[in-house]
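Accompanying notes for the structure given below.
Throughout, read-outs are computed from the coordinates displayed, never taken from laboratory work. None of the values given here were measured: they were computed from a predicted structure. Positions of Cβ are generated from backbone atoms using ideal geometry, with glycine treated the same way; all protein chains shown enter the neighbour counts.
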Amino acid sequence: MKYVVDTNIFNKLVDGSLLIDQLPSDGQMVATHIQIDELNNTRDSERRAKLFLRFSKIAPEIVPTESVVLDVSRFDEAKWSDGELFQKLKNDLDAMNGGKQNNTQDALIAEVAIVNCFTLLTSDFHLSEVVKRNGANVIYFAT
């Protein structure tokens, strides 16, 4: 069993609203460059350091995204695809939340869970619903 850890899970761990022992312990945690990039974009250097400490404690395996998106993807950490599933996921997210700024990143994370039959760990309700509708398992941590 593998679990894709959404970036918001690291934030919840740092905030103390989620404890590491509440995460599944029966499989490997995975992340993509998207989560690393989102953590790196944290402006507060002290918070960024805390986020990376949590990231290293969980020690997720880094896997490539299933699609490439210009100005978002790291080409050496992404796969080429026809983009159909990614676009469907992004469109579904946009329809649910009015085009939230990080829907592209969320769609890439969701696609990894769906294509690889991984379980997504998230506290983003819209993302959890889109992933479920597309056949993947989700553990949703309410905010």
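Here are the numbers:
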read-out: Filtered trypsin sites (Lys or Arg not before Pro), segment 62-119: DSSP coil and at most 16 other beta carbons within 10 Å; value: ARG74, LYS79, LYS100
read-out: Kirkwood Rh, angstrom, segment 35-116 [1 / mean 1/r, Cα pairs]; value: 13.8
read-out: Within the chain, helix-based [θ] at 222 nm, where runs of 4 or more DSSP H residues each add -39,500 (n - 2.57), nearest 500; value: -14500 deg cm²/dmol
read-out: For segment 59-70, 3J(HN,Hα) per residue [Karplus equation, 6.51 cos²θ - 1.76 cosθ + 1.60, θ = phi - 60°, Hz, x = Gly/Pro]; value: 6, x, 6, 8, 10, x, 6, 8, 9, 10, 10, 4
read-out: Charge dipole (debye, nearest 20) of segment 1-133; +1 at Cβ of Lys and Arg, -1 at Cβ of Asp and Glu; value: 300
read-out: With eigenvalues of the C-alpha gyration tensor scaled by 5 and rooted, segment 2-140, Å; value: 22, 17, 15
read-out: Which of GLY135, GLY16, ILE58, positive extreme of dipole for the chain (C-beta unit charges); value: GLY16
